[in-house]
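Working notes, structure below.
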Amino acid sequence: MQIGFIGTGVMGTGIIQNLLRAGYQVQVFNRTKAHAQTVVAAGAQWVDSPAALAEQADVIFTMVGFPQDVEQVYLGENGLLAHAHPGQIMVDMTTSKPSLAQKLGQLGQEQGVAVLDAPVSGGDIGAKNGTLTVMVGGPEATLKQLQPLMTSFSKEINYFGSWGAGQHAKMANQIMIAGTMTGMTEALVYARHAGLDAKQVIQTLQGGAAANFSMGTYGPRILAQDYTPGFFAKHFLKDLRIALAEAEAMHLDLPGTATAKRLYTELVDERHHGDDGTQALIKLWEEN
Ligand code: NAP
């Protein structure tokens, strides 16, 4: 089986390395060729465009940044669907809009191409260690076909329903993360102001009812003043915007998520820290 992969960033690189380790042949394309160096050195084969990938690969994964990147890769002139062939499978793992997942699913179906939305959770560490959780929407039979392949980079694969349902599940995940990131940041700011040892606070909280992934993963990075992105702040703001737009369409008010969006808007748009990791939220307090 020939596998194609578009997007060799933080997440794509880890996932591709796990596919290669499992013995699959992977052809890759990325907007900036130089950023594919790590996976090419690990054994992936570079191709020059999404079109070339669509002509050769049986299963194509995409893991790009924003919904507009997904549109370009799938719907552009040189994109996947314009060069697809019947029987092919395409899996978008980008965190993107449920409505776009539905559109791609339907357009694919008209061409005999099965498209899944399969966003993931587990961070840069999960991608590297092959322990991601995948949330899937689209034809269930296609997922069954891909299960062995996807197990090479994930520990859990959960099916939610038709196209877009995977993205909706991911939005629920991001609404949860909105709480853990703001909670973790405020807990650390508070602890420091109270004169506590922040490292001891993290260790203690991680052993009790407040334990969570954000604190366990990003708390130590904050203490080390390491703001390199496991998860880009600009991507989290993108997710909060999608989640709140979807909630609004359902006439739902999510004030906690709206607060997180306000804080990340300040961090990304006003203070220009979008290329930092999400843990940089603490800069809103510490730069003052
Ligand atoms: P990233 O490091 O920015 O990777 C995105 C990659 O996609 C980059 O290599 C980028 O190329 C490439 N790309 C963008 N547009 C493209 C296009 N039109 N054609 C070809 N390649 C294109 O981001 P990431 O952290 O891997 O995240 C990817 C997605 O996963 C995002 O939607 C994010 O929200 C989601 N996600 C991230 C995490 C995490 O912890 N990092 C966890 C779960 C989900 P360049 O080299 O030119 O930039």
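The values are calculated or read from the model by the stated rules, or taken from the named source; none is laboratory data. Since the model is a prediction, treat every value here as computed from it, not as a measurement. Quick reminder, even Gly has a Cβ in these numbers, built from the backbone with ideal geometry, and neighbours come from all protein chains shown. When the accessible area is computed, the model is the full protein with side chains, heavy atoms only, and any ligands, DNA or RNA have been set aside. Shrake-Rupley method; radii C 1.70, N 1.55, O 1.52, S 1.80 Å.
Of the residues G112, G105, which is within 15 Å of G166 (Cβ to Cβ), away from the ligand (no atom under 14 Å from the Cβ) and not aromatic (F, W, Y)? Full working, then the answer.
Numbers: G112 fails: within 15 Å of G166 (Cβ to Cβ).
On inspection, the qualifying residue turns out to be G105.
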- [ ] Could you please find all residues in the stretch 223-265 being over 22 Å from S99 (Cβ atoms) and assigned to a loop (DSSP other than H, G, I, E, B)?
- [x] A224, Q225, D226, Y227, T228, P229, G230, F231
Open item on the list: Regarding the stretch 75-84, can at least one residue be identified that is outside any loop (DSSP other than H, G, I, E, B), touching a strand residue (DSSP E or B) at 6+ places or on another chain (Cβ under 9 Å), aliphatic (A, V, I, L, M) and surrounded by fewer than 18 Cβ atoms within 10 Å (Cβ to Cβ)?
Closed with: no
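Answer yes if at least one residue in the stretch 14-31 is among the hydroxyl-bearing types (S, T, Y) and within 13 Å of the ligand (Cβ to nearest atom), and no otherwise. Give the steps one after another, and end with the answer.
Quick first cut of the stretch 14-31, residues among the hydroxyl-bearing types (S, T, Y) only: 24.
Narrowing further to those that are within 13 Å of the ligand (Cβ to nearest atom): none.
Within the stretch 14-31, none of the residues are among the hydroxyl-bearing types (S, T, Y) and within 13 Å of the ligand (Cβ to nearest atom).
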TODO: Scan the stretch 258-288 residue by residue and report those that are under 20 Å from the mean Cα position of the chain (by Cα) and open to solvent by 60 Å² or more (accessible area, probe 1.4 Å).
DONE: K261, D275
Open item on the list: Quick check on this structure: which one of L223, L244, L240 is of a type in the set (A, V, I, L, M, F, W, C), out of contact with any Asp or Glu (no Cβ under 6 Å at 6 or more places or on another chain) and within 14 Å of the ligand (Cβ to nearest atom)?
Closed with: L240
- [ ] Only residues that are away from the ligand (no atom under 12 Å from the Cβ) and of a type in the set (A, V, I, L, M, F, W, C): list them for the stretch 71-99, please.
- [x] L81, A82, A84, I89, M90, V91
TODO: State all residues of the stretch 230-257 that are open to solvent by less than 50 Å² (accessible area, probe 1.4 Å) and out of contact with any Ser or Thr (no Cβ under 8 Å at 6 or more places or on another chain); if no residue qualifies, say none.
DONE: E246, L254, T257
Open item on the list: Pairs needed: first member in the stretch 1-15, farther than 15 Å from L149 by Cβ and touching a residue at least 60 places away in the same chain (Cβ under 8 Å); second member anywhere, in a strand (DSSP E or B) and of a type in the set (F, W, Y); C-beta distance under 6 Å; at least 6 residues apart or different chains.
Closed with: I6/F29
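If only one of D124, D69 is open to solvent by 10 Å² or more (accessible area, probe 1.4 Å) and either touching a Phe, Trp or Tyr at 6+ places or on another chain (Cβ under 9 Å) or of a type in the set (A, V, I, L, M) (or both), which one is it? Give the derivation first.
On the way: D69 fails: either touching a Phe, Trp or Tyr at 6+ places or on another chain (Cβ under 9 Å) or of a type in the set (A, V, I, L, M) (or both).
The conditions single out D124.
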TODO: With the checklist (1) within 26 Å of P119 (Cα to Cα); (2) touching a helix residue (DSSP H, G or I) at 6+ places or on another chain (Cβ under 8 Å); (3) away from the ligand (no atom under 15 Å from the Cβ); (4) open to solvent by 20 Å² or more (accessible area, probe 1.4 Å) in hand, flag the one item Q206 doesn't pass.
DONE: (1)
